Amino acid sequence: MEKITEMHLSSFGIDYISLREEGKAWVISWTAIHINKLPAKGDTVILRMWPGKNKAVMYNRNYGFYTSRENHLHVLLLCLS
């Protein structure tokens, strides 16, 4: 989840170095994970991320881990961070 968030932020020109130069940091302060099922051997796992509701200076992110079978996405787990 940390790596995909880094990739997402870098697409907006935000990275560790630019944050550090501004005296800022990016921190995962909490994560809630709901596991629906684990992937089966050989499954391809798809990760999706979208912004959650912002709270003051907290910018929440939501993550979904899915697998695709028979042209349908099946939820493996959902995370709020």
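The values are calculated or read from the model by the stated rules, or taken from the named source; none is laboratory data. Because the structure is a prediction, the values reported are computed rather than measured. Using ideal geometry, Cβ is built from the backbone for each residue, glycine included, and neighbour counts are taken over all protein chains shown.
Tell me the residue from 4, 28 that is among the hydrophobic types (A, V, I, L, M, F, W, C) and part of a helix (DSSP H, G or I), please.
Values: 28 fails: part of a helix (DSSP H, G or I).
Just one listed residue meets the conditions, 4.
Is there a residue being touching a residue at least 40 places away in the same chain (Cβ under 8 Å) and surrounded by fewer than 10 Cβ atoms within 10 Å (Cβ to Cβ) anywhere in the stretch 18-30? Walk me through it before giving the result.
If we filter the stretch 18-30 for residues that are touching a residue at least 40 places away in the same chain (Cβ under 8 Å), which is where we start, we get 28, 30.
When the remaining residues are screened for being surrounded by fewer than 10 Cβ atoms within 10 Å (Cβ to Cβ), the result is 30.
Yes, there is a match, as at least one residue in the stretch 18-30 is touching a residue at least 40 places away in the same chain (Cβ under 8 Å) and surrounded by fewer than 10 Cβ atoms within 10 Å (Cβ to Cβ).
Is it true that residue 40 is modelled with pLDDT of 80 or more and loosely packed, with under 12 Cβ neighbours inside 10 Å? Judged against the criteria, residue 40 is a match. Considering the conditions (1) more than 16 Å from residue 8 (Cβ to Cβ); (2) of a type outside the set (D, E, K, R); (3) modelled with pLDDT under 90, residue 79 is excluded by exactly one of them, (1). Candidates in the stretch 43-59 are the residues that are surrounded by 10 or more Cβ atoms within 10 Å (Cβ to Cβ) and either of a type in the set (Lys, Arg) or over 25 Å from residue 76 (Cβ atoms) (or both); of these, the one that is modelled with the lowest pLDDT is 58.
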